[in-house]
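Asker: Could you have a look at this structure, given as structure tokens, before my questions?
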Ligand code: AMP
Ligand code: GLY
């Protein structure tokens, strides 16, 4: 079959790498892809949010399935666009319809959904400009730190955690009144701060049943020891040592199954990945956020740990028979280290030549912000997160050692990476 992947990051390269390995795939396309996806498929220069151009690409290339990587096209309704189009409606899309993507697209929607189905999450209230006085009053009732969340999509930047009440009041006003995050912060969720250790849990669902994928932990801050600005993610590891036994049973019983059942009860046919951003509070899981897609850089460790044919599983999603499929994990640990451009996550330079990729050993390089310069045939940086170096190991220690040895070998001007990925879990391994 012919498959089209939408997106251009490390997550999409990991998906492309895995799908390309399936004997079921004839042609693999990535729109728009990066310098790494060119090695496993054919890049098509189409913007993920330009649905008419995606339609043309699907028809021209005789695409049998579309796999959507990022959240924005999903929240913009790419799946609905296919369902509403005479020529596209029979082409399966892996990724939820807009109504379900709202689990990520609106924090208020997600919180209400969790409240309706008794899914454990921080207590909260949502406010807008006409209720700002009530919002200030609600803040007074909370204990610090204060958690303020822009309702809409804000490229991972819409959550603020603030120690002082006065600062929280000011930020709240900036969000709602001064549109700090544009329309996304016209509504703001204020919620209770939860103290615990975070992890990311993923499932694939056809809307009827689900398959649990390997879990992961990502490292979001730019600085060592989880300090400094938030990024898209600086590295990840899978498995997470505490994600087993009784804890995972609680995750399934209290979070995953009620979510699948809730979607069904609301008449929403969810087809695709669900990402549960969880926090373990003294052994009990709480939902911090839902995402309607795979995580990035979690995908760069989760997908390498899926041994089964991913195309076969995605066919199960498309054909409503996922429950007949088997999913096998690779028992090894996978660890991924993200190489980023100097200055990231603030202003950074692009266009730096990348060298040394031919020297790496026993790792997989997943490109993120890279582009191939056609004239010089060189690969250059084209984004803040440049590439993820993923290695396997029998222990987390081994996997990280190999990922770091290989991270050393790749060079570009201004290369930076965190040297402490997995630090909080290694102690507990
Ligand atoms: P999100 O954009 O929803 O992933 O939130 C960004 C980060 O903020 C999360 O990864 C958590 O580290 C933190 N966070 C969000 N909500 C809470 C909460 N209620 N309590 C503690 N930390 C939180
Ligand atoms: N790594 C977090 C995310 O993909 O949102």
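Asker: What is the distance in Å between the Cα centroid of segment 199-227 and that of segment 260-311?
Answerer: Using only Cα atoms to place each centre, the spacing works out to 6 Å.
Asker: Also, quick follow-up: So how much slack lies between residue 284 and residue 424, counting 0.36 nm per residue of separation and subtracting their Cα-Cα distance, in nm?
Answerer: Fully extending the segment from residue 284 to residue 424 adds 48.5 nm.
Asker: Let me ask something additional. Between residue 261 and residue 161, what is the label-point separation in nm under the 7 Å Cα-to-beta-carbon projection?
Answerer: 3.1
Asker: Defining a contact as two alpha carbons under 8 Å apart and six or more residues distant in sequence, what relative contact order in percent does the chain show?
Answerer: Relative contact order of the chain: 16 percent.
Asker: Measuring from centroid to centroid over Cα atoms, what is the spacing of segment 30-98 and segment 229-247 in Å?
Answerer: 29
Asker: Find how much the distance from residue 230 to residue 321 grows on full extension, using 0.36 nm per residue of separation minus their present alpha carbon separation; answer in nm with one decimal.
Answerer: 28.9 nm
Asker: Please list 82-89, 269-276 highest first by mean number of surrounding beta-carbon atoms within 10 Å per residue.
Answerer: Output ranking for 82-89, 269-276: 269-276, 82-89.
Asker: Something else now. Quick check: from the Cα gyration tensor, does the chain come out rounded (a/c under 1.5), prolate or oblate?
Answerer: rounded
Asker: For residue 377 and residue 50 in one chain, what is 0.36 nm times their gap in residues minus the Cα-Cα distance, to one decimal in nm?
Answerer: 114.9 nm
Asker: Okay, next question. What spacing in nm lies between the two simple spin-label points modelled at residue 183 and residue 42, each 7 Å away from Cα in the Cβ direction?
Answerer: 3.6
Asker: Say R0 is 35 Å: what FRET efficiency, to the nearest 0.05, do residue 24 and residue 115 get from their beta-carbon distance?
Answerer: After rounding to 0.05, the efficiency reads 0.25.
Asker: What is the packing order of peptides 162-168, 291-297, taking the mean over residues of other C-beta atoms within 10 Å and listing the highest first?
Answerer: 291-297, 162-168
Asker: Also, quick follow-up: For a Förster distance of 35 Å, can you work out the FRET efficiency between the beta-carbons of residue 192 and residue 329, rounded to the nearest 0.05?
Answerer: The pair residue 192/residue 329 has a calculated efficiency of 0.55.
Asker: First check a/c for segment 240-326, with a ≥ b ≥ c the square roots of the eigenvalues of its C-alpha gyration tensor; if it is under 1.5, answer rounded, and if not, answer prolate when a/b is larger than b/c or oblate otherwise.
Answerer: The shape class here is oblate.
Asker: How many nm is it between the label spots at residue 242 and residue 346, if each spot is 7 Å from the Cα in line with the beta carbon?
Answerer: Distance between the two pseudo-spin positions: 3.3 nm.
Asker: Let me check against my output: what whole-number percent is the relative contact order of segment 31-160, with C-alpha pairs under 8 Å and at least 6 apart?
Answerer: Reported as a whole number, the value is 15 percent.
Asker: Counting each DSSP H run of 4 or more residues in the chain as -39500 (n - 2.57), what helix-only mean residue ellipticity at 222 nm follows after dividing by all residues, to the nearest 500 deg cm²/dmol?
Answerer: Computed mean residue ellipticity for the chain: -7500 deg cm²/dmol.
Every number here is computed from the coordinates shown, using simple stated rules; none is lab data. Bear in mind the structure is a predicted one, so any value in this text is a computation, not a measurement. Ideal geometry is used to build each Cβ from the backbone, glycine not excepted, and the neighbour counts take in all protein chains shown.
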